[in-house]
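K.L.:
Sending over a structure as structure tokens; questions will come in a sec.
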Amino acid sequence: MNLPTQKLDEIARQSLQEVFRKQFRMEVIPADSGQRASPGHPILKSEVGWSSANLRGVVQIHLPQDLVQEMSLVLLGDGPDASSVDLKDVAGEIGNMVAGRVSAQLALEGLHGTLETPKVRAVNPEETEKEKSEVPPLQHWEWVCGTQRFSLSLQFHPSGS
Amino acid sequence: MTPKILTVDDSKTIRLLLARMLRPFQVEVVEGGNGEEGLQTALREKPSLIILDYNMPVMDGVMMLQQLRQNPEIQATPVIMLTAESNPKIISTVARLGVRDYIVKPFQEDLLLVKIKKIIPLEPKGDIPPVVPNS
């Protein structure tokens with residue numbers, strides 16, 4: 001992956017902002033380094049694989065369940081549709097859309113890849129912090145939407161490694 | 001006769017979103033959770049239009065489209081792709097398979113409605129308030 005850090009920053013920011021604005025009418029801003037997610041809040045981890053001829057990667061988003069609930073309300077309202085929604089499925093679709101935009105931005109840099117279907121699981125904030133320290137992602141960003149803090153990580157490595 | 005739209009997406013969220021978006025119109029909505037279910041539903045329901053995702057387990061959108069085009073009963077069904085995937089090779093493949101439009105997620109509901117109306121009539125039901133589009 002030969003993209004400079006600054007370019008990956010730009011790709012992450014543009015991808016997130018496009019999805020949140022266009023589909024959810026929500027604004028996201030980079031989080032202050034001092035801000036931390038509230039302890040104990042359930043987190044949904046949405047992960048989408050990406051692969052090209054020479055590279056494999058993953059786009060990960062850690063979303064507080066409360067934020068996913070808010071986003072679900074924007075999409076489906078609070079009518080009959082909302083009652084049957086599965087928040088893991090909503091988180092999966094958010095991950096799918098963000099990964100789709102990341103993939104489109106990478107294609108503009110000459111890196112053409114395809115996406116896999118999203119995988120979602122519930123994690124606790126402590127587990128999330130542990131994962132970050134044990135397997136440092138190539139890039140990791142913290143964001144705030146309203147009062148909710150969430151993160152986006154991109155990991156890429158050569159195919160076969 | 002009421003037009004019928006088949007939505008095929010592994011995300012129930014997207015299927016619910018499309019059903020909500022189409023509720024104010026005189027249209028029947030049927031669903032499939034992957035390409036295989038979509039194909040079976042298409043054969044059974046003979047929809048006027050299919051809104052189709054690409055990335056799905058069991059059978060993806062391209063494979064479903066290929067099989068749809070090989071079946072004389074349903075091969076002429078118009079298809080709009082609605083997917084997060086924007087790989088040019090995939091767009092080129094589905095274009096050769098005759099999709100009527102290709103919309104990349106995230107998407108604006110009013111734009112999708114315009115694309116649908118180009119293919120089938122969407123008459124308001126009259127008793128349900130119009131959708132507030134996410135534009």
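K.L.:
Kindly indicate whether any position in region B:13-24 is crowded, with 24+ Cβ neighbours inside 10 Å, polar (S, T, N, Q) and out of contact with any Pro (no Cβ under 6 Å at 6 or more places or on another chain).
P.N.:
Yes, region B:13-24 contains at least one residue that is crowded, with 24+ Cβ neighbours inside 10 Å, polar (S, T, N, Q) and out of contact with any Pro (no Cβ under 6 Å at 6 or more places or on another chain).
K.L.:
Take the conditions within 30 Å of A:S51 (Cα to Cα) and more than 14 Å from chain A (Cβ to nearest Cβ) and apply them to B:E31. Does it pass?
P.N.:
No, not satisfied.
K.L.:
Restricting to region A:46-74, give me the number of residues that are more than 16 Å from the chain's Cα centre (by Cα) and polar (S, T, N, Q).
P.N.:
The total comes to 3.
K.L.:
Something else: Identify the residue in region B:33-46 that is within 16 Å of B:P78 (Cβ to Cβ) and of a type in the set (G, A, S) and, among all such residues, is surrounded by the fewest Cβ atoms within 10 Å (Cβ to Cβ).
P.N.:
B:A42
K.L.:
Another question, if that's okay. Residue by residue through region B:65-88, note down the ones that are closer than 23 Å to B:S11 by Cβ and free of Cβ contacts under 8 Å to residues at least 12 places away in the same chain.
P.N.:
Listed by number, the list holds a single entry, B:N87.
K.L.:
Do we find a residue being away from every other protein chain (no Cβ under 14 Å) and either touching a helix residue (DSSP H, G or I) at 6+ places or on another chain (Cβ under 6 Å) or not β-branched (V, I, T) (or both) anywhere in region B:9-22? Walk me through how you get there before you give the answer.
P.N.:
As a first pass, look at region B:9-22 and keep what is away from every other protein chain (no Cβ under 14 Å): none.
There is no residue in region B:9-22 that is away from every other protein chain (no Cβ under 14 Å) and either touching a helix residue (DSSP H, G or I) at 6+ places or on another chain (Cβ under 6 Å) or not β-branched (V, I, T) (or both).
K.L.:
While we're looking at this one, here's another question. Check A:V19 against each of (1) at pLDDT 95 or above; (2) more than 12 Å from the chain's Cα centre (by Cα); (3) of a type in the set (A, V, I, L, M) and name the one condition it does not meet.
P.N.:
(2)
K.L.:
Restricted to region B:57-89, and to residues that are under 23 Å from A:D89 (Cβ atoms) and β-branched (V, I, T), which residue is surrounded by the most Cβ atoms within 10 Å (Cβ to Cβ)?
P.N.:
Quick first cut of region B:57-89, residues under 23 Å from A:D89 (Cβ atoms) only: B:57-64, B:80-86.
Among the residues that remain, those that are also β-branched (V, I, T) are: B:58, B:62, B:80, B:83.
Details: B:V58: 13, B:V62: 18, B:I80: 20, B:T83: 27.
So, considering only residues that are under 23 Å from A:D89 (Cβ atoms) and β-branched (V, I, T), the one surrounded by the most Cβ atoms within 10 Å (Cβ to Cβ) is B:T83.
K.L.:
Follow-up question, since we're still on this one. Looking at region A:69-82, I want the residues that are more than 8 Å from chain B (Cβ to nearest Cβ) and more than 18 Å from A:G146 (Cβ to Cβ) and have a partner that is assigned to a helix (DSSP H, G or I) and modelled with pLDDT of 70 or more with Cβ atoms under 8 Å, at least 6 apart or on another chain. Which pairs are those?
P.N.:
A:A82/A:S72; A:A82/A:L73; A:A82/A:L76
K.L.:
Which of the residues that make up region A:62-109 are closer than 26 Å to A:W50 by Cβ and of a type in the set (D, E, K, R)?
P.N.:
Listed by number, the residues that qualify are A:D86, A:K88, A:D89, A:E93, A:R101, A:E109.
K.L.:
I've got another one for you. Looking at A:L75 and the list (1) in contact with a Leu (Cβ under 8 Å, 6 or more places away or on another chain); (2) closer than 22 Å to A:E127 by Cα, which single condition is not satisfied?
P.N.:
Condition (2) is where A:L75 drops out.
K.L.:
Among the residues of region A:93-111 satisfying the criterion of being assigned to a helix (DSSP H, G or I) and surrounded by fewer than 24 Cβ atoms within 10 Å (Cβ to Cβ), which is nearest to the other protein chains (Cβ to nearest Cβ)?
P.N.:
Restricting attention to region A:93-111, the residues satisfying the condition of being assigned to a helix (DSSP H, G or I) are A:93-108.
Of the ones still in play, those that are also surrounded by fewer than 24 Cβ atoms within 10 Å (Cβ to Cβ) are A:104-105, A:107-108.
On the way: A:A104: 5, A:Q105: 10, A:A107: 7, A:L108: 10 Å.
By that ranking, first place goes to A:A104.
K.L.:
Among the residues of region B:109-118, is any crowded, with 16+ Cβ neighbours inside 10 Å, away from chain A (no Cβ under 11 Å) and free of Cβ contacts under 8 Å to residues at least 60 places away in the same chain?
P.N.:
Looking through region B:109-118, at least one residue is crowded, with 16+ Cβ neighbours inside 10 Å, away from chain A (no Cβ under 11 Å) and free of Cβ contacts under 8 Å to residues at least 60 places away in the same chain.
K.L.:
Next question. Go through the residues of region B:54-64 one by one and say whether even a single one is free of Cβ contacts under 8 Å to residues at least 12 places away in the same chain, facing another protein chain (nearest Cβ under 10 Å) and either charged (D, E, K, R) or touching a Phe, Trp or Tyr at 6+ places or on another chain (Cβ under 8 Å) (or both).
P.N.:
Within region B:54-64, the subset free of Cβ contacts under 8 Å to residues at least 12 places away in the same chain is none.
Scanning region B:54-64, I find no residue that is free of Cβ contacts under 8 Å to residues at least 12 places away in the same chain, facing another protein chain (nearest Cβ under 10 Å) and either charged (D, E, K, R) or touching a Phe, Trp or Tyr at 6+ places or on another chain (Cβ under 8 Å) (or both), so the answer is no.
K.L.:
Shifting gears a bit: Looking at the structure I just gave you, is B:I50 more than 13 Å from chain A (Cβ to nearest Cβ), touching a residue at least 24 places away in the same chain (Cβ under 8 Å) and either out of contact with any helix residue (DSSP H, G or I) (no Cβ under 6 Å at 6 or more places or on another chain) or of a type in the set (K, R) (or both)?
P.N.:
yes
The values are calculated or read from the model by the stated rules, or taken from the named source; none is laboratory data. Not measured: the values here are computed from a predicted model. Positions of Cβ are backbone-derived with ideal geometry, glycine not excepted, and every protein chain shown enters the neighbour counts.
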